[in-house]
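Let me begin by presenting the structure, written as structure tokens, before commenting on it.
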Amino acid sequence: MVGKVCIIGGGPSGLAVLAGFAKMQREGQDIPELVCYEKQSNWGGLWNYTWRTGSDQHGEPVHGSMYRYLWSNGPKETLEFPQYTFEEHFGKAIPSFPPREVLFDYLQGRWKKEDIKKYVKFNTVVRDVCYNKETDDFTVSVKRLDEDQVEDGERFDYVVVASGHYSVPNVPSFPGIDRFPGRVLHSHDFREANEFTGKRLLCIGASYSAEDIALQCIKYGAESVVISYRTKAMGFNWPKEITERPLVDRFEGKTVHFKDGSSSEVDAVIMCTGYLHSYPYLREELRLKASNVLYPPGLYKGLVWQKGGNNKLLYSGVQDQYYTYTMFDVCGLWIAKLIQGKVQLPDRDTMEKDWKTWHARCGTLNSDAEDISFQTDFIQDLVKDLGDDYPYNVDTQEIFNTWEHHKVEDILSYRDKSFASKYTGTPSPIHHTTFMKALDDSMATFLDQRKN
Ligand code: NA7
């Protein structure tokens, strides 16, 4: 039996691995010693909201990219755990697009039920992971942040990298931005939309962060938002305060000149330009290098690192995401089964051919519907290997596609729609306040049915 497993990161993907092991232990299997290192003082990864930006109290880079007033931008029915439904957690059906605090509460309910907190060592940052060829194991060195103490390396048989990939901002530069007379920040550091009330904003980037931050700023009273795209405009039916322009060419004072020759005056700039895969604690042959794609290269089944570590270095949650919690759950269980010896790996050539085929297919995707279908297939491929351990069908393509359709119809009101739970069949109620009017995002207000 495997002796010791190190899991790096106590967010949804790392905790899904612990949940996988907890299930096996409940079913009578002996499991390895599990140690999950978490840099922050609480679990939840990005869902563990922090007001901090820049460096934390220990001088470590702040992990959190989550902002206040974030509401789920996809229906909760696409991320619902089949074995722990929203109805079970809240004791009633709740609307389809919950705010941050509600989703975090739900996640914590699942984790508490699995009794996995005991494996997490908080305030502990991983400094170095080295694969030892002679002994076919890893040495993991950590720093205990509270004691300001770097510890001697500990040996582990497997390492699971689950430190997330929406934490280290990708920050491009543009001519003249160094003299812009206003605030310039990356979405990683965006927290409080009220800061921009009455302001004219520029959001650079044309993906989920730009879409959501632009809408949120208008919701909280920004005067206008220009969204600048590099490849393609999002093209939603925006309210009159939001417009889309091609990429920024240069800044001259407060004036932004765009590639099409047009210009606009703005008071603040938010770079919604995405995130970098960053694993500074891994030795070179263990480091995943990729952009934010649905199937990063070098990973068999999207999980088993092929370029070093003898199939014992695993990555969880590194895919770009439509499915989130359910995908992590399936990945976590697959990883636990692999380590338990209940999933077998084929020979190296087969693994290489397999990941290359998936990665190549990922490069051919041309629409949200194709992306969603691809990620559904990716999950189903893992589920197939799980057999009786995962008797659920988490395919929610239909819900995703309807949601996309709602967004195209009206970007302001897609969160006012509702869906039915795939697992309980219960339709979700419509929220008492429409999204653009719901300024109070607290759990108490969200769940208060008297408001209906
Ligand atoms: P994404 O989804 O990775 O998108 C990044 C966006 O930033 C995308 O539109 C990029 O344009 C744009 N980008 C990246 N570099 C540049 C430069 N140099 N200039 C202009 N624009 C640039 O990140 P998000 O933060 O929106 O979302 C993160 C995740 O949250 C997302 O994947 C979902 O899972 C939820 P491109 O299209 O490449 O031209």
Mean shadow area of segment 391-452, taken as a quarter of the surface of its Cα convex hull (nm²): 5.3
DSSP bridge pairs, the chain: antiparallel proportion in percent, nearest 5: 50
Counting DSSP beta bridges with both ends in segment 177-271, the antiparallel % (nearest 5): 30
Residues with amide H under 5 Å from that of L276, placed H, sequence gap 5 or more: S167, V168, N170
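Per Stokes-Einstein, at 4 °C and 1.567 mPa s, what whole-number D in µm² s⁻¹ belongs to the chain, with the Kirkwood radius over Cα pairs as the hydrodynamic radius?
On the way: Rh = 23.1 Å.
Approximately 56 µm²/s, per Stokes-Einstein.
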J(HN,Hα) series, segment 240-255, from Karplus relation 6.51 cos²θ - 1.76 cosθ + 1.60, nearest Hz, glycine and proline x: 4, 6, 10, 10, 10, 9, x, 5, 4, 9, 6, 10, 10, x, 7, 8
Normalised convex hull volume, segment 84-146, alpha-carbon set, Å³ per residue: 159
Per-residue ³J(HN,Hα) for segment 406-411, Karplus 6.51 cos²θ - 1.76 cosθ + 1.60, θ = phi - 60°, Hz, x for Gly and Pro: 4, 5, 5, 4, 7, 5
Amide proton proximity set for D128, modelled H, under 5 Å, gap of 5+: S141
Value in Å of the Kirkwood radius, where segment 307-452 supplies the Cα pairs that are averaged: 18.3
Separation of alpha-carbon centers, segment 381-452 and segment 46-102, rounded to whole Å: 14
Using alpha-carbon coordinates, inclination of helix 208-219 to the longest axis of the chain, degrees: 40
Karplus (6.51, -1.76, 1.60) ³J(HN,Hα), θ = phi - 60°, over segment 171-179, in Hz, Gly and Pro reported as x: 10, x, 10, 9, x, x, 5, 5, 10
Ellipsoid semi-axes in whole angstrom, largest first, where each is sqrt(5λ) of the Cα gyration tensor of segment 177-271: 18, 16, 12
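Expressed in nm to one decimal, what extension gain is obtained for the pair I177 and D260 from 0.36 nm per residue of sequence separation less their Cα-Cα distance? Walk me through the numbers on the way to the answer.
Values: separation 83, 0.36 × 83 = 29.88 nm, distance 1.83 nm.
Length gained between I177 and D260: 28.0 nm.
Would you list E154, E114, E27, E134 from fewest to most Cβ contacts within 10 Å? Before the final figure, lay out each step's value.
Details: E154 13, E114 19, E27 8, E134 5.
Result, fewest neighbours first: E134, E27, E154, E114.
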MRE, 222 nm, helices only [DSSP H, n ≥ 4, -39500 (n - 2.57), over the chain, to nearest 500]: -8000 deg cm²/dmol
Nonlocal amide H pairs with R245, under 5 Å, H built at 1.01 Å: I227, S228, Y229
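As a quick test, which of the pairs K219/K289; K76/K289; K76/K437; K76/K117; K23/K133; K289/K407 have an alpha carbon distance above 26 angstrom in this structure?
K219/K289; K76/K289; K23/K133; K289/K407
Rule-based calculations on the coordinates, nothing more; no lab input. Keep in mind it's a predicted model, so treat the numbers as computed, not measured. Every residue, glycine as well, gets a Cβ built from its backbone with ideal geometry; the counts of neighbours run over all protein chains shown.
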